[in-house]
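Taking it in order: structure first as structure tokens, then the write-up.
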Amino acid sequence: MGFRVPSIVPAKKLLRRSFSNNSNKEASMAVDVPKGHFAVYVGENEKKRFVVPVSFLSQPLFQELLIQAEEEYGYDHPMGGLTIPCTQHVFVDVISNLNAS
């Protein structure tokens, strides 16, 4: 009696396949994030999606936003991704300051 070992699926295909189960829109959104970046959703009522560099995660100013997100949402984010609870204007100011430094 034998058993079959499944072939190894490249991570990119596996990721695409898992997102395609949700919807094509979500799959295309996941694919358009460049390497070294991640997507966040920002806004009070209407959420806007921003793609930011991973290097921001080590910046104290950005870490403050992450602490606010943790206090507001915990690990249950309404958009399914990282949601930052501030206005888009404040977020753009923070990102501008981080880009300038």
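The values are calculated or read from the model by the stated rules, or taken from the named source; none is laboratory data. Keep in mind it's a predicted model, so treat the numbers as computed, not measured. No Cβ is skipped: glycine too gets one built from the backbone with ideal geometry, and neighbour counts run over all protein chains shown.
Structure notes:
- Residue satisfying all of: in region 30-58; in contact (Cβ under 8 Å) with a residue 40 or more places away in the chain and of a type in the set (Gly, Ala, Ser); surrounded by the fewest Cβ atoms within 10 Å (Cβ to Cβ) among these: Ala39
- Residue within region 51-72 that is among the small types (Gly, Ala, Ser) and at pLDDT below 85 present: no
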